[in-house]
1. Of Cys177, Cys7, Cys310, which has the most accessible area and how do the rest follow, probe 1.4 Å?
2. Gaussian network model of the chain, Cα springs within a sub-10 Å range: biggest mean-square fluctuation belongs to which of Asn128, Asn331, Asn394?
3. How many percent of the accessible area of segment 328-430 is carbon or sulfur, using a 1.4 Å probe?
4. Counting only pairs 8 or more places apart or on different chains, how many lysine pairs in segment 328-430 have C-alpha atoms closer than 15 Å?
5. Would you work out the Kirkwood radius for segment 209-333? I mean one over the mean of 1/r across all pairs of different Cα atoms, in Å.
6. Could you state the accessible area per residue of the chain in Å², with a 1.4 Å probe and every protein chain left in place?
7. At a 1.4 Å probe, what is the % contribution of carbon and sulfur to the accessible area of segment 117-164?
8. Between 0 and 90 degrees, rounded to the nearest ten: what's the tilt of helix 161-170 against the longest Cα principal axis of the chain?
Amino acid sequence: MWNNIECAPKEEIEALQLRRLKETARRVYHLVPFYRERFDEAGIKPGEIKSLEDLKRLPFTTKQDLRSHYPFGLFTVPMDQVVRIHSSSGTTGKPTVVGYTRHDMEVWKEVMARTMSMADVGPGDVCNNAYGYGLFTGGLGFHYGAEKVGAAVVPASGGFTKRQLLLMKDFGATVLCSTPSFALHMAEVARDEGYDPRSDFNLRVGFFGAEPASQGLRDALSDAWDILYIEAYGLSEIIGPGVAAGCPHGNLHVFEDHFIPEVIDPDTGEVLPYGEEGELVFTTVTKQALPIIRYRTRDITRLHQEPCPCGRTMVFMDSVKGRSDDMLIVNGVNVFPSQVEHVLTKMEGITPNYVIIVDKKGVLDKLEVWVEVDENIFADGLGALEELKRRLQNEMLNELYINVRVKLVEPKTLERSMGKAKRIIDKREAEGM
Ligand code: DLL
């Protein structure tokens, strides 16, 4: 464990959170007109925060609020104290901009060191960092984390897969940091290049995140590389990666001395009890440049506070099921891409490379899943392909309660991602515009 605070008694963590929450509320109220207006509308003054229960009286912040104050309107420090700026491009509108002071960078390194310590990464480890370097927080976040714990970091970034594999092998990399989809692609290319990903590399652990991955995909990845799968979760608006990390028991602990999590009902905004599914909301309590109050992540998950065998007392969350804005509503039924993926990864004869296409046929929505088959299945003839397709369609109906048309496509024909995978093509949106 990197820091003893991770297993501190609940009361100690809560006392720390309350003190820091009060400071953060005061800070944003006095320094940012937007927050002052929102607090006033909600009828609460920072001085009225007496317990953590009062958090729910504070107003929410959304991505739209960040965009409306583009680029630096919600910063609480003058620009001469900002030492780093990152930005994420959304699908629509202006990019989201986030800033860090020197102190914020220290917090980020600290939570990334905790992340790497989930698998005891440290001096002697060689860390192949395949997260994209640049405005995306993945590359630099893991870079600083690996350095902080004393590992040697190889700033490979995304892409250049063959060269990356060569370096990974020759440098004896023990740690891989990557999106799950890119790691899967790397395993595939490794096999094409004549390597056995399970035995020709020195890898022992992978830190995977930045996009949802079903349990099936997680198992497939740890099996493909023969490594321990550690999940990393985070978002740029809060700090980047390092908001939560999976322990060896698979529980995704939130570093709640820095980021207070809540789960709310996305429709009513009401806070839900532990164990109930809803939208994840974070309040940062140590950030200086861009503290953020009750940020609505759009990520759907549940929080848990049961004791964890790893000894950490910090609450943990389920792996994110999907983003509420990724949720497809197909003829009234809610479907997350991760549910489709779950079905696919349970089946023999196919690979987890897929894309979901939603379209309209008359008044009805129609869902199609294109999935790449395994090379070996061709040997079994056409009958085998037909049978596979039928079984897949049945499984989808059983698990998702909707009719899905499955199209089996040849191996390696769907586009590969070097970063976050794009799994959905919604043709209904294009028509509506
Ligand atoms: O993706 C930060 C990150 C980098 C996390 C590397 C982990 C590893 P953004 O680009 O701002 O930041 O995207 C944040 O990605 O709201 C989730 O929807 C999604 N996401 C991040 N981690 C996970 C995860 C980085 N473990 C958005 N599982 C978040 C599912 C994830 N979704």
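1. Working: Cys177 0, Cys7 55, Cys310 30 Å².
My answer, sorted largest first, is Cys7, Cys310, Cys177.
2. Asn331
3. Details: 2900 of 5650 Å².
Taking all protein chains in place, segment 328-430 shows 51 percent carbon and sulfur surface.
4. Lysine pairs meeting the criterion: 6.
5. Numbers: mean 1/r = 0.0653 Å⁻¹.
Hydrodynamic radius (Kirkwood, Cα only) of segment 209-333 equals 15.3 Å.
6. Working: 18990 Å² over 433 residues.
Heavy-atom SASA per residue in the chain reads 44 Å².
7. Details: 1050 of 1800 Å².
Ligands and nucleic acids excluded, carbon and sulfur reach 58 percent.
8. Long axis of 161-170 versus the principal axis of the chain: about 80 degrees.
The values are calculated or read from the model by the stated rules, or taken from the named source; none is laboratory data. Just so you know, these numbers come straight off a predicted model, no measurement behind them. A quick note on method: Cβ atoms are made from the backbone with ideal geometry, for glycine too, and the neighbour counts reach across all protein chains shown. The area values use the complete protein model at the heavy-atom level, side chains included, leaving out ligands, DNA and RNA. Shrake-Rupley method; radii C 1.70, N 1.55, O 1.52, S 1.80 Å.
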